[in-house]
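Asker: I am attaching a structure below and will ask some questions about it afterwards.
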Amino acid sequence: MNRIISRTAAAAADTGSKALARAYSARPHSAAESKREGTGGARAKVTVHTIKKLYSDGKPIAMMTAYDYPTAVSCERAGVDMVLVGDSLAMVALGHDDTSQVTLDEMMHHSRAVSRGTRSAFLVSDLPFGTYHADESSAVRSAIRMVKEGRAEAVKLEAGRRAASRIDAIVHGAGIPVVGHIGLTPQTAVALGGFRVQGKSVANAQALVDDAMALQEAGCFALVLEAMPSLVAETITRLLGIPTIGIGAGSRTSGQVLVYSDMMGIFDRFTPKFCRRFAEVGVTMDRALGEYKEAVRARQFPHEGAHTYAMSPAAEESWRAHVQRSYGLELADARGGHEPGHAATSTTAAAAVVPE
């Protein structure tokens with residue numbers, strides 16, 4: 001077998017599992033493949049054990065979303081620890097109004113694309129709305145498809161303690177690592193009253209703590225905490241024995257995640273309060289596209305010689321003579337652009353003989 005499966009008693013002990021959970025790379029790579037493109041430095045493949053080591057050493061975990069090959073390569077070059085194919089792609093990549101519209105097939109399509117650009121980072125993919133809610137067997141089937149067809153190494157579920165049995169089935173029944181997600185859960189934002197901060201009252205904060213403890217017990221190896229007061233996120237982080245990844249949850253979590261399109265300044269509808277825009281790529285893209293259009297209009301692109309291909313001098317001379325003789329066209333010199341000409345008649349075209 002090409003795939004080496006590593007199952008350890010330590011992995012089971014960490015989550016109090018009833019069966020041993022898988023904690024290895026689903027796509028082993030050679031040392032050459034693990035080189036970070038563009039940096040020249042080699043990085044070992046990040047696995048569940050790597051994430052646990054970062055957590056135990058107190059080193060913040062960097063997670064970023066990616067939706068296709070180019071964004072995955074960007075994350076890989078930056079050396080982020082975990083890449084998340086989030087269902088936020090429904091909004092930022094597919095233009096939907098919310099994340100509940102994306103399908104499992106669409107998520108797997110994007111996950112496969114991201115996997116091609118992800119060499120060393122650990123790849124987690126969201127299970128979309130409706131694919132794990134019915135029962136344990138449907139949840140396991142969806143998770144298995146995401147691993148087999150989507151090439152994910154772990155799956156993420158937006159769910160509280162009511163989904164504990166489904167998470168348990170995925171982790172201990174199928175041996176697939178699971179990242180939990182509590183707080184603001186965009187898949188069910190309608191039931192939460194919209195995209196609202198969660199845990200602002202004592203009762204709601206306690207409910208989040210209860211959810212977190214239940215998901216750890218069910219076997220999650222990490223937990224995303226979204227849009228909750230910093231004190232609540234800190235409480236959960238200090239109570240748990242697994243890493244917490246914050247998004248709008250303050251600075252005291254075990255790591256952070258942002259939506260790529262938000263932090264790059266690409267998504268045009270809104271920017272969440274918790275997001276820091278590290279670049280204004282959208283502005284740069286708009287400017288570049290505008291310059292391209294104007295260059296085309298002014299026949300300044302493509303520039304002959306710099307962006308074009310040439311014939312040998314002898315072939316060019318022969319071709320010019322052939323076109324003049326056969327079609328009556330005078331071709332522009334190397335500095336010219338396209339000039340509309342008369343269409344050759346079918347008789348002329350049929351009679352044309354190309355010189356050898």
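The values are calculated or read from the model by the stated rules, or taken from the named source; none is laboratory data. Fair warning: this is a prediction, and the values are worked out from it, not measured in the lab. No Cβ is skipped: glycine too gets one built from the backbone with ideal geometry, and neighbour counts run over all protein chains shown. Accessible surface is based on the protein model in full, side chains and every heavy atom, while ligands, DNA and RNA are left aside. Shrake-Rupley method; radii C 1.70, N 1.55, O 1.52, S 1.80 Å.
Asker: For the stretch 211-271, which semi-axes, largest first and in whole Å, follow from the square roots of 5 times the eigenvalues of its Cα gyration tensor?
Answerer: 25, 12, 9
Asker: From largest accessible area down, sort Ser251, Ser165; use a 1.4 Å probe on the protein chains.
Answerer: Output order, biggest surface exposure first: Ser251, Ser165.
Asker: Given a Förster distance of 30 angstrom, what is the FRET efficiency for Thr271 paired with His109, based on the Cβ-Cβ distance and rounded to 0.05?
Answerer: E(calc), rounded to 0.05, equals 0.65.
Asker: Taking the alpha-carbon distance from Lys156 and a cut-off under 14 Å, which aspartates and glutamates remain once sequence neighbours fewer than 8 residues away in the same chain are dropped?
Answerer: Correct list for Lys156: Asp87, Asp126, Asp168, Glu226.
Asker: Beyond 17 Å, what percent of the Cα pairs of the stretch 106-186 remain?
Answerer: For the stretch 106-186, the share of Cα pairs beyond 17 Å comes to 40 percent.
Asker: For Ser165 paired with Glu304, estimate the spin-label separation in nm (one decimal), with each label point 7 Å from Cα along the Cα-to-Cβ line.
Answerer: Inter-label distance under the simple model: 7.6 nm.
Asker: For Glu217 and Arg116, what does the FRET efficiency come to when R0 = 30 Å and r is the distance between their Cβ atoms, rounded to the nearest 0.05?
Answerer: With R0 = 30 Å, the Cβ-Cβ based efficiency is 0.25.
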